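Participant: Got a structure for you, questions after.
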Amino acid sequence: MNISKMREYTFMLIYQLEIQKEYNEEIVTLFLENNEIQEKEAKRYIRKMVAGIKEKEVEIEKIIKDKLKPEWKIERITKINLALLRLSIYEILYKDVPYKVAINEAIELAKQYGDDTSPMFINGVLANVVKENL
């Protein structure tokens with residue numbers, strides 16, 4: 001499984017956790033089994049990424065809030081866009097993924113899973129994150 005596919009599964013799990021409002025190892029294991037993810041490397045990557053995102057969740061949420069326009073509240077962001085932002089911000093700031101790669105991958109996932117405005121929204125927020133943090 002390539003890194004883009006592992007990233008997509010990580011996004012899907014983050015989205016699921018956002019919907020369920022619960023995070024534990026059993027949910028992660030069920031997700032991996034239900035999606036028939038067998039490769040050890042993929043399992044390790046997904047578990048590590050999700051654990052890291054959950055660990056840095058408060059910091060990431062503050063970054064997202066700081067990058068929104070004043071009239072926007074984080075509650076207005078769709079769960080899909082929020083999951084994409086959490087994943088991308090974590091990759092950019094904590095995993096040393098080149099920001100161009102993280103942003104491009106997030107935009108591609110936004111095109112696939114989000115609404116018509118998702119790619120532009122994701123690009124705008126992540127561009128501001130990069131400007132102020134790198």
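The values are calculated or read from the model by the stated rules, or taken from the named source; none is laboratory data. Keep in mind that what you see is a predicted model, and the values were worked out from it rather than measured. No Cβ is skipped: glycine too gets one built from the backbone with ideal geometry, and neighbour counts run over all protein chains shown. Side chains included, ligands, DNA and RNA excluded: accessible areas come from the protein's heavy atoms. Shrake-Rupley method; radii C 1.70, N 1.55, O 1.52, S 1.80 Å.
Participant: Can you find a residue that is of a type in the set (A, V, I, L, M), modelled with pLDDT of 90 or more and either assigned to a loop (DSSP other than H, G, I, E, B) or surrounded by 11 or more Cβ atoms within 10 Å (Cβ to Cβ) (or both) anywhere in the stretch 61-69?
Facilitator: yes
Participant: Is there any pair with a first residue in the stretch 93-107 that is in a loop (DSSP other than H, G, I, E, B) and a second that is open to solvent by 30 Å² or more (accessible area, probe 1.4 Å) whose Cβ atoms are under 9 Å apart and which are 6 or more apart or on different chains, and what are they?
Facilitator: Every condition considered, the pairs that remain are Val97/Glu105.
Participant: I would also like to ask the following. Output the residues belonging to the stretch 28-40 that are surrounded by 15 or more Cβ atoms within 10 Å (Cβ to Cβ) and either among the aromatic types (Phe, Trp, Tyr) or in a helix (DSSP H, G or I) (or both).
Facilitator: Within the stretch 28-40, Val28, Phe31, Leu32 qualify.
Participant: Sticking with this structure for a sec: Would you mind stating whether Ile74 is over 14 Å from Thr10 (Cα atoms), surrounded by fewer than 19 Cβ atoms within 10 Å (Cβ to Cβ) and either in contact with a Lys or Arg (Cβ under 9 Å, 6 or more places away or on another chain) or hydrophobic (A, V, I, L, M, F, W, C) (or both)?
Facilitator: Spelling it out, Ile74 is indeed over 14 Å from Thr10 (Cα atoms), surrounded by fewer than 19 Cβ atoms within 10 Å (Cβ to Cβ) and either in contact with a Lys or Arg (Cβ under 9 Å, 6 or more places away or on another chain) or hydrophobic (A, V, I, L, M, F, W, C) (or both).
Participant: Something else now. Cβ-Cβ under 8 Å, sequence separation 6+ or interchain: first residue in the stretch 110-123 and without any contact (Cβ under 8 Å) to a residue 40 or more places away in the chain and under 17 Å from Ile89 (Cβ atoms), partner β-branched (Val, Ile, Thr) and assigned to a helix (DSSP H, G or I). Which pairs?
Facilitator: Ala110/Ile80; Ala110/Ile122; Gly114/Ile80; Gly114/Ile122; Pro119/Ile107; Asn123/Ile103; Asn123/Ile107
Participant: On the given criteria, is Ile89 surrounded by 13 or more Cβ atoms within 10 Å (Cβ to Cβ), under 23 Å from Ala51 (Cα atoms), under 13 Å from the mean Cα position of the chain (by Cα) and touching a residue at least 24 places away in the same chain (Cβ under 8 Å)? Lay out the reasoning, then the answer.
Facilitator: Working: surrounded by 13 or more Cβ atoms within 10 Å (Cβ to Cβ): yes; under 23 Å from Ala51 (Cα atoms): yes; under 13 Å from the mean Cα position of the chain (by Cα): yes; touching a residue at least 24 places away in the same chain (Cβ under 8 Å): yes.
Against the criterion (surrounded by 13 or more Cβ atoms within 10 Å (Cβ to Cβ), under 23 Å from Ala51 (Cα atoms), under 13 Å from the mean Cα position of the chain (by Cα) and touching a residue at least 24 places away in the same chain (Cβ under 8 Å)), Ile89 qualifies.
Participant: If I filter the stretch 78-102 down to residues being more than 19 Å from Tyr45 (Cα to Cα) and β-branched (Val, Ile, Thr), which single residue comes out as modelled with the lowest pLDDT?
Facilitator: Filtering the stretch 78-102 for residues more than 19 Å from Tyr45 (Cα to Cα) gives 78-82, 100.
Restricting the remaining residues to those that are β-branched (Val, Ile, Thr) gives 78, 80.
Numbers: Thr78: 93, Ile80: 96.
Per the criteria, the residue is Thr78.
Participant: Of all residues in the stretch 19-45, which are modelled with pLDDT of 90 or more and among the charged types (D, E, K, R)?
Facilitator: Glu33, Glu36, Glu39, Lys40, Glu41, Lys43, Arg44
Participant: Does the stretch 16-27 hold any residues that are part of a helix (DSSP H, G or I) and open to solvent by 80 Å² or more (accessible area, probe 1.4 Å), and which are they?
Facilitator: Hits for the stretch 16-27 are Ile19, Gln20, Glu25, Glu26.
Participant: Shifting gears a bit: Only one residue in Lys95, Lys43 is of a type in the set (Lys, Arg), under 13 Å from the mean Cα position of the chain (by Cα), open to solvent by less than 80 Å² (accessible area, probe 1.4 Å) and within 16 Å of Arg7 (Cβ to Cβ). Which one?
Facilitator: Residue meeting the stated conditions: Lys95.
Participant: Another question, then. Working only within the stretch 108-121, note down all residues that are part of a helix (DSSP H, G or I) and surrounded by fewer than 17 Cβ atoms within 10 Å (Cβ to Cβ).
Facilitator: Glu108, Lys111, Gln112, Met120
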